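S.K.: Right, I'll just put the structure down here and ask away after.
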């Protein structure tokens with residue numbers, strides 16, 4: 001099986017490394033140049049590009065109709081592939097990726113798949129097995145919900161890490177002292193539900209402490225608003 005990755009960003013670089021670990025060399029092509037001359041002898045073309053560019057990139061690739069075309073987006077529907085690409089599907093790896101930090105192992109990463117027909121879903125499943133045993137066939141609506149859930153557990157907490165880092169600026173305390181707390185908070189939800197794992201002044205209903213925290217945040221309007229909103233949500237969810 002010959003596979004070509006179109007894209008050279010965070011997802012593509014990590015996917016290439018994962019395929020290499022499985023024993024397969026997969027070339028990466030830039031999505032910004034040379035798409036009119038994409039090799040026509042591959043069995044699978046994987047489009048790992050930004051959502052806003054996906055449709056345009058797909059429409060620039062013209063290869064034989066037997067090929068299987070896959071994108072890696074958590075939000076874009078399957079119909080982004082036109083009738084010139086009758087064999088199409090989705091291979092969505094549910095993880096955060098960075099080119100500066102290539103993941104050493106794809107084995108624990110959930111892969112969410114979708115395809116047009118039974119034969120194509122079988123082909124996508126076989127391809128996914130090269131990367132991870134954790135494979136789930138989902139609908140478009142389920143994948144969209146999953147993508148939003150990912151924002152809540154990954155992107156938003158990372159923003160809060162940034163706020164915490166800023167709060168420690170001009171103190172003698174390094175951000176690294178927060179890492180054991182971050183790690184333990186994440187580890188707890190492996191054995192407890194998020195509600196069971198919730199702690200802190202809002203969970204306890206400690207108005208005095210919360211009022212003091214808001215005073216400490218005086219002058220940082222964004223942090224104050226985030227603190228108040230999230231504290232209110234915790235209190236509502238925990239009575």
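All of the numbers you see were taken from the coordinates with simple rules; none came from a lab. Worth saying up front: this structure is predicted, and the values here are computed from it rather than measured. Glycine gets a Cβ as well: all are built from the backbone with ideal geometry, and neighbour counts include every protein chain shown.
S.K.: Which angle between 0 and 90 degrees, to the nearest 10, do you get for helix 156-167 versus the longest principal axis of the chain when only C-alpha atoms count?
M.R.: Approximately 40 degrees, to the nearest ten.
S.K.: Relative to the longest principal Cα axis of the chain, at what angle does helix 10-21 sit, 0 to 90 degrees, rounded to 10?
M.R.: Long axis of 10-21 versus the principal axis of the chain: about 60 degrees.
S.K.: Which ordering of 90, 173 is given by a fewest-first count of other beta-carbon atoms within 10 Å? Present the calculation step by step, with values, prior to reporting the outcome.
M.R.: Working: 90 25, 173 11.
Ordered by Cβ neighbours within 10 Å, fewest first: 173, 90.
S.K.: Principal axes first, then extents: for the Cα atoms of the range 143-237, list largest minus smallest coordinate on each axis, whole Å, largest first.
M.R.: The Cα atoms of the range 143-237 stretch 40, 29, 25 Å along their principal axes.
S.K.: Could I ask something else about it? How would you order 123-129, 210-216, 10-16 from highest to lowest mean count of nearby Cβ atoms within 10 Å?
M.R.: Working: 123-129: 18.4, 210-216: 13.4, 10-16: 21.9.
Sorting 123-129, 210-216, 10-16 by mean packing, highest first, produces 10-16, 123-129, 210-216.
S.K.: Could you please tell me the mean projected area of the C-alpha convex hull for the chain, averaged over all directions and given in square nanometres to one decimal?
M.R.: The orientation-averaged projected area of the Cα hull of the chain comes to 16.0 nm².
S.K.: Please compute the contact order of the chain in relative form: average sequence separation of alpha-carbon pairs under 8 Å and at least six residues apart, divided by the residue count, as a percent.
M.R.: 13 percent
S.K.: So what's the convex hull volume per residue for the Cα atoms of the range 95-159, in Å³?
M.R.: Value for the range 95-159: 98 Å³ per residue.
S.K.: Still on this model: Using Stokes-Einstein with the Kirkwood hydrodynamic radius over Cα pairs, what translational diffusion coefficient do you get for the range 170-211 at 37 °C and a viscosity of 0.692 mPa s, in µm²/s rounded to a whole number?
M.R.: Diffusion coefficient, whole number: 267 µm²/s.
S.K.: May I pose another question? Compute the label zone of residue 189 within the range 87-127: residues whose backbone N is under 20 Å from the point 7 Å along Cα-to-Cβ.
M.R.: Residues 93-98, 108-112 fall inside that zone.
S.K.: Just report the Cα centroid separation between the range 72-100 and the range 200-225, whole Å.
M.R.: Using only Cα atoms to place each centre, the spacing works out to 42 Å.
S.K.: Another one. By how many degrees, 0 to 90 and rounded to 10, does the Cα axis of helix 221-237 deviate from the longest principal axis of the chain?
M.R.: 90 degrees
S.K.: Run the Debye formula on the Cα coordinates of the range 3-138, all scatterers equal and no solvent, and tell me log10 I(q)/I(0) at q = 0.12, 0.14, 0.19, 0.21 1/Å.
M.R.: Scattering profile of the range 3-138, log10 relative to I(0): -0.40, -0.56, -1.11, -1.41.
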